[in-house]
């Protein structure tokens with residue numbers, strides 16, 4: 001039986017201890033712990049990596065603290081559009097959804113696209129219609145409302161700027177994305193990512209989270225990766241797939257490949273953020289070039305960590 005591992009993230013950026021109260025920090029830690037537990041218990045029962053990453057991301061989407069699902073930020077027109085993706089490293093099957101509204105758990109819609117359609121990515125109204133057809137849970141606009149996100153958006157209204165999550169002050173950039181990667185007891189791996197995007201985003205903007213190879217990638221031969229950062233730059237760097245390429249074609253370890261991409265390739269593009277990863281041996285990585293990243297991992301060797309700051 002292979003070592004099984006689950007790794008999660010809840011976004012990266014300028015996350016500093018002095019900017020957070022003890023109560024806020026405890027709430028974020030509990031949110032991460034709950035998500036980690038939800039996915040890890042499935043791995044303990046011998047369930048698949050795909051099941052584990054879905055379960056973990058659903059918990060993060062249901063937590064108003066994180067910019068995905070319930071906690072999604074407001075766009076320029078006052079709507080909340082969400083993106084998500086999932087990939088199975090055993091089969092290279094993938095599902096993704098972009099610019100959807102009122103879907104309670106976009107990762108569940110991405111999974112259903114992967115397993116019950118011949119497509120990889122659906123967007124907007126078509127994705128919503130597909131969700132209704134397959135019984136995916138929807139919620140009214142009020143479910144997604146949080147005063148905190150609304151106040152951020154009001155601060156930016158009337159401008160053409162868009163901001164990277166929690167604080168609209170640029171020096172306090174936070175990249176609000178959630179994600180999970182897992183290796184199950186059969187040595188299969190998977191990745192999933194979900195986001196509400198950027199505050200005040202316009203023109204149907206889509207970041208890296210739903211793009212296979214940019215924000216999410218999984219291949220049993222190499223790794224499973226979920227990214228969080230400045231989406232446009234992560235798309236241009238084909239970030240998640242780049243880690244896999246370095247492992248496959250240069251023979252790098254997971255940790256080495258993640259380090260090259262995050263601390264060399266992304267920095268050359270002035271791209272801030274991070275990523276989590278696993279390989280098919282259950283090795284885990286949590287690498288970022290920002291001040292912090294909400295993150296955690298647990299494996300069958302008894303290792304367990306929840307961290308926020310550098």
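The values are calculated or read from the model by the stated rules, or taken from the named source; none is laboratory data. Nothing here was measured: the structure is a model prediction, and the numbers come from that model. FYI the Cβ positions are ideal-geometry reconstructions off the backbone, even for glycines, and counts take in every protein chain you see.
Summary table
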read-out: Hey, residue 235 in contact with a helix residue (DSSP H, G or I) (Cβ under 8 Å, 6 or more places away or on another chain), in contact (Cβ under 8 Å) with a residue 24 or more places away in the chain and closer than 19 Å to residue 84 by Cβ or not; value: no
read-out: Residue match in segment 14-32 (condition: surrounded by fewer than 24 Cβ atoms within 10 Å (Cβ to Cβ), under 23 Å from residue 283 (Cβ atoms) and at pLDDT 95 or above); value: no
read-out: Any pair with Cβ under 9 angstrom, 6 or more apart, that starts in segment 145-160 at a residue that is on the phi < 0 side of the Ramachandran plot and crowded, with 16+ Cβ neighbours inside 10 Å and ends at one that is assigned to a helix (DSSP H, G or I) and modelled with pLDDT of 80 or more; value: 146/70; 146/71; 149/71
read-out: Matching residues in segment 1-13 - criterion: being modelled with pLDDT of 95 or more and surrounded by fewer than 19 Cβ atoms within 10 Å (Cβ to Cβ); value: 3
read-out: Residue among 277, 292, 282 that alone is on the phi > 0 side of the Ramachandran plot and in contact with a strand residue (DSSP E or B) (Cβ under 7 Å, 6 or more places away or on another chain); value: 282
read-out: Selection count, segment 155-184, where residues are touching a helix residue (DSSP H, G or I) at 6+ places or on another chain (Cβ under 7 Å), assigned to a loop (DSSP other than H, G, I, E, B) and modelled with pLDDT of 65 or more; value: 1
read-out: Where a residue in segment 10-30 is more than 20 Å from residue 70 (Cα to Cα) and its partner, wherever it lies, is exposed (fewer than 15 other Cβ atoms within 10 Å of the Cβ), with Cβ under 7 Å and at least six apart; value: 14/171; 15/309; 17/309
read-out: Which listed residue, of 38, 52, 84, is surrounded by fewer than 24 Cβ atoms within 10 Å (Cβ to Cβ), in contact with a helix residue (DSSP H, G or I) (Cβ under 7 Å, 6 or more places away or on another chain) and modelled with pLDDT of 95 or more; value: 38
